[in-house]
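First comes the structure, then the notes that go with it.
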Amino acid sequence: MRPVQRRPVPGRRAVAARCLAVLVTGLAALLVLGALILPERLEQLDLRAFVRLPLEAIVYLAIVLALPGRFRGVRTGLALAAGVVLALSAVFKVLDLGFRRHSTGPSTC
């Protein structure tokens, strides 16, 4: 009779690292989604604005998923380019919101 081999039980650090990775990935996904669906004007900032599904995300996912696995470098390049464009877009949207709020607010002069 052969001895039964047991699977190694992951330690607390491994479980904590896995949970932290899932949490950070979820927060990053929420940040990307928020940057994509942030409205351009403060008047449009309500719950309905955050329910819509951004077309940019659907097109990007379709392009990335259509690439075969051997194009790993292309996927990395697309991810890098999309990250830079998304970051710039989010910064400019927030700056635009603040500028419009300041320029249309009550005059203090």
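The values are calculated or read from the model by the stated rules, or taken from the named source; none is laboratory data. Quantities reported herein were computed from a predicted structural model and do not represent experimental measurements. Because the Cβ atoms are built from the backbone with ideal geometry, glycine has one as well, and the counts that use them run over all protein chains shown.
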(message) For the stretch 88-99, which positions are surrounded by 13 or more Cβ atoms within 10 Å (Cβ to Cβ) and hydrophobic (A, V, I, L, M, F, W, C)?
(response) A90, L97
(request) Name, by its number, the condition in (1) within 21 Å of L31 (Cβ to Cβ); (2) modelled with pLDDT of 80 or more that does not hold for A62. (result) (1)
(message) Any residue in the stretch 14-38 that is over 27 Å from L95 (Cβ atoms) sitting within a Cβ distance under 9 Å of a residue that is at pLDDT below 80 and surrounded by 11 or more Cβ atoms within 10 Å (Cβ to Cβ)? List the pairs, counting only those 6 or more apart or interchain.
(response) R18/P10
